[in-house]
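These notes concern the structure reproduced below.
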Amino acid sequence: MTLMKTTRWRSALAGTMATALLSVWAPASAPASAADEASAAPTRVMVVGDSISHASVGDYSWRYFAWKHLAAAGAGVDFVGPRRAPFVGEGATWPAVYADAAFDQDHAAMWGDQLFRPRHDRDALMTTYAPDVVVVELGVNDMLWVQATAEQTQSMMRTWVTAARARVPGADFVLVEAPWTNSPVAADYNQRLAALAWEMTTSASRVVVARTTPGYVMGTGLDVKGDTYDPLHPNTSGQIKIAAAVTDALATLGVGKAYPRPLRIPAEGPRVVPVLKGSSTDTAARWTWSVPPGATSYDVWVRRPGRKWVREVRALEGTSHQVAGLRKCKPYDVRVLARKGWTLAGQDVRSPVVTAQAGPKVAGRATVRATARGRTVRTSWSAVKGACAHRVKVTVKAPGARATTRFLDVKGTSTVLRRLTRGSVVKVSVRGVGARNLTRWSEVRTVLLQR
């Protein structure tokens, strides 16, 4: 998309510093028609940033929500850059996957990047990808790790934009506020960005600010509502708020439309359901589970016999949980839900319930007796030592009908089969059901009901 740039665009804003502070910049030309949008070349947008823009494995990333909105708005945008994958920490075994890969993943963000000691080659990025718009989300690591002041960070951003503009003179820039709302230094820096954007804007190269901080809440711990899953990095709600701010800023440049409000936040957390398995011994049970991409810990719920669900563990960093002192043959239910940092995943991705019972392994074989009387068959058997129950297999072949089979779990050692069709052939066998295994089936007993 080619955007006209005239001196009238800047003069229309003269004397309205409040507007500059809100980053509401009017485009030079009237909005393009739908036909113009469709026929124009896509607007090349390059995101240069740190971990906040890079995102880590299992995240959507704010770039995902920005691209989805821009695509829905028919903006004709092409994200460009040398990377596509999210960050995967050293030693992690996860594949480099997003929560949803269905978006334009190209970007130029890098975990740990900064203005003072950049991990990117700014000149190469500008000349190689020739972006129409550069979204710059840098400065947090300078203030956090380098201990740069707000004024120093502003100065480094000025230098960065000046040098980038020298490579692509017609590029526009979106300067992203540092989404670090509990830092006085970051607050000071963010207040300076509007003035910097005003200072650096020219008729050929506009500079606007993406206001990420209004309504942005830093997380502070487990189960405390916030927009970050640790002291800095955005969870899903934080990613959407950043995406909304960036696309609002792009809209002032004539790229797409403002993000719709109120913001709609999808379910949080790693978006893969843990695979849960259970095993038991004579007196204890142990549950283990798989690790969804990006998960760092788990909440574990246990339902003991005859009781309600209880969350017994929060933010367990391992991948197993054991319950000891179990009552023999009683069911103990467990389910787990992953977290990323402080943020608990949505209930839609909790594991299925897995039940385990404690008790000895059973052996032996039941001896079955069966007698018919009228339309009834009385069946009894010898108890299998240690069994929690006995499973009865009943096959009935009524006259002129196909044979049907059903199974009954019986706590005792007898059962009565009623309302059978006269003339039926009934076959019965039994096996012991232990807490941890099943015995062999007994020999089959066959009875014939008289007509």
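The values are calculated or read from the model by the stated rules, or taken from the named source; none is laboratory data. Here the structure is a predicted model, which means the values were calculated and not measured. Reconstructed Cβ throughout: ideal geometry from the backbone, glycine too, with neighbour counts over all protein chains shown.
A few remarks follow.
- The residues in segment 75-100 that are closer than 21 Å to V133 by Cβ and without any contact (Cβ under 8 Å) to a residue 60 or more places away in the chain can be counted, and the count is 7.
- Qualifying residue in segment 82-99 (condition: surrounded by 22 or more Cβ atoms within 10 Å (Cβ to Cβ), in contact with a strand residue (DSSP E or B) (Cβ under 7 Å, 6 or more places away or on another chain) and either assigned to a loop (DSSP other than H, G, I, E, B) or in the same structural domain as T162 (by TED's automatic domain parsing) (or both)): yes
- Taking segment 100-130 as the range and being aromatic (F, W, Y) and either surrounded by 17 or more Cβ atoms within 10 Å (Cβ to Cβ) or touching a strand residue (DSSP E or B) at 6+ places or on another chain (Cβ under 7 Å) (or both) as the test, the residues that pass are F103, W111, Y129.
- Here the strands (runs of 3 or more DSSP E) wholly within segment 387-429 that include at least 1 residues being in the same structural domain as W441 (by TED's automatic domain parsing) and farther than 15 Å from R369 by Cα are 389-397, 404-410.
- Any hit, segment 286-297, residues being at pLDDT 95 or above, in contact with a Gly (Cβ under 6 Å, 6 or more places away or on another chain) and within 24 Å of G359 (Cα to Cα): yes
- Test: residue in segment 115-133 that is in contact with a helix residue (DSSP H, G or I) (Cβ under 7 Å, 6 or more places away or on another chain), part of a strand (DSSP E or B) and in contact (Cβ under 8 Å) with a residue 12 or more places away in the chain: yes
- Among the conditions (1) under 20 Å from F87 (Cβ atoms); (2) modelled with pLDDT of 95 or more, the only one that G269 does not satisfy is (2).
- Restricting S56, S61, S11 to those that are modelled with pLDDT under 50 and either crowded, with 20+ Cβ neighbours inside 10 Å or out of contact with any strand residue (DSSP E or B) (no Cβ under 6 Å at 6 or more places or on another chain) (or both) reduces the list to S11.
- Entry remark, segment 215-251: residues being farther than 24 Å from A72 by Cα, surrounded by 23 or more Cβ atoms within 10 Å (Cβ to Cβ) and either outside the structural domain of D132 (by TED's automatic domain parsing) or hydroxyl-bearing (S, T, Y) (or both) number 2 in total.
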